[in-house]
Amino acid sequence: MEHSPELLISQYEAEKKKLQKLIRNCVKEMEYLEAHHHSRALSRLNQRLRTLYKLTDNLYEKKEHEQRNIRFYEKLLKDKKLLYAKEYFEESLHKSKEELEKLNLQPVSKPIQQDPDLFQHILEKLLANSIKDLKLILNKQENIHLNITYSRKTLKVTIPHIKKLLEKHVWNEFQIHHLLKSGFESDHNGTRLTLILKGEKQQILSRLHYTIGKIVFEIFDFRDFTNESYLHYNEVGSQT
């Protein structure tokens, strides 16, 4: 599951470029209301990216701070009205560049340490029919988990206890709505959500990683699952 933040970052960066282009086009065409809507969407997207980048790099905030300083001083140096402070700006710019270079040379450690291959390995065993009854427990205390099964080239992900989670205010309707937009379908009683994935095994794995990444890092607050998540499954032939 460690690759989920990277997958989302890649997609969000692509969305960011599209939104920035839309904003430029709207301003050019003087469609300011539309530009405002896109700007708000871009702001939300940047916040998500900020959260994900912090997950993948413990030095992200310090690097971002120095990058902002660099842009700030470079802009000031272009202002002819501020020539009297040119020496100070150049010195400050040099210091920020040096500090950023030092940060970039430091080894990156991830705030959340996980076995990068464990989840992928377990999923591959599931798709090879070596294990069964796979559960991804996100929060044991609140009984939040995903049941994952694979049969006849079809992977099914089920989230049970939806009504109870809503009644206890653990989840809300807004979050359920986003799960439905992500491909889940509700049963007629509204007690569980199910996602069906078909296709080649690698396509299924990629889609599943992406979907779980959205659940953990976008739809819900990943901090709710910190130190609470684990996998449970049975080997094929096992009675336990």
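Here are some notes:
- In segment 186-213, the residues that are among the small types (Gly, Ala, Ser) and either closer than 14 Å to residue 156 by Cβ or surrounded by fewer than 16 Cβ atoms within 10 Å (Cβ to Cβ) (or both): 186, 190, 199, 206
- Residues satisfying the stated conditions in segment 83-135, i.e. among the small types (Gly, Ala, Ser), modelled with pLDDT of 90 or more and not assigned by the TED database to the domain that holds residue 213: 85, 92, 96
- For the condition loosely packed, with under 15 Cβ neighbours inside 10 Å and at pLDDT 85 or above, residue 140 does not qualify.
- Residue check for residue 69: in contact with a Ser or Thr (Cβ under 8 Å, 6 or more places away or on another chain), on the phi < 0 side of the Ramachandran plot and assigned to a loop (DSSP other than H, G, I, E, B): no
- Residues that are loosely packed, with under 13 Cβ neighbours inside 10 Å and within 15 Å of the chain's Cα centre (by Cα) were ranked within segment 14-45; the one that is modelled with the highest pLDDT is 14.
- From the options 61, 87, residue that is out of contact with any Phe, Trp or Tyr (no Cβ under 8 Å at 6 or more places or on another chain), closer than 30 Å to residue 136 by Cβ, in a helix (DSSP H, G or I) and not β-branched (Val, Ile, Thr): 61
- Residue count for segment 182-199, restricted to those that are at pLDDT 90 or above and on the phi < 0 side of the Ramachandran plot: 12
- One residue from 106, 120 being surrounded by 13 or more Cβ atoms within 10 Å (Cβ to Cβ) and among the polar types (S, T, N, Q): 120
- Test for residue 179: is it in a helix (DSSP H, G or I) and either among the polar types (S, T, N, Q) or under 17 Å from residue 233 (Cα atoms) (or both): no
- Any hit, segment 108-127, residues being hydroxyl-bearing (Ser, Thr, Tyr) and under 29 Å from the mean Cα position of the chain (by Cα): yes
The values are calculated or read from the model by the stated rules, or taken from the named source; none is laboratory data. Because the structure is a prediction, the values reported are computed rather than measured. Virtual Cβ from ideal backbone geometry, glycine too; neighbours counted across all protein chains shown.
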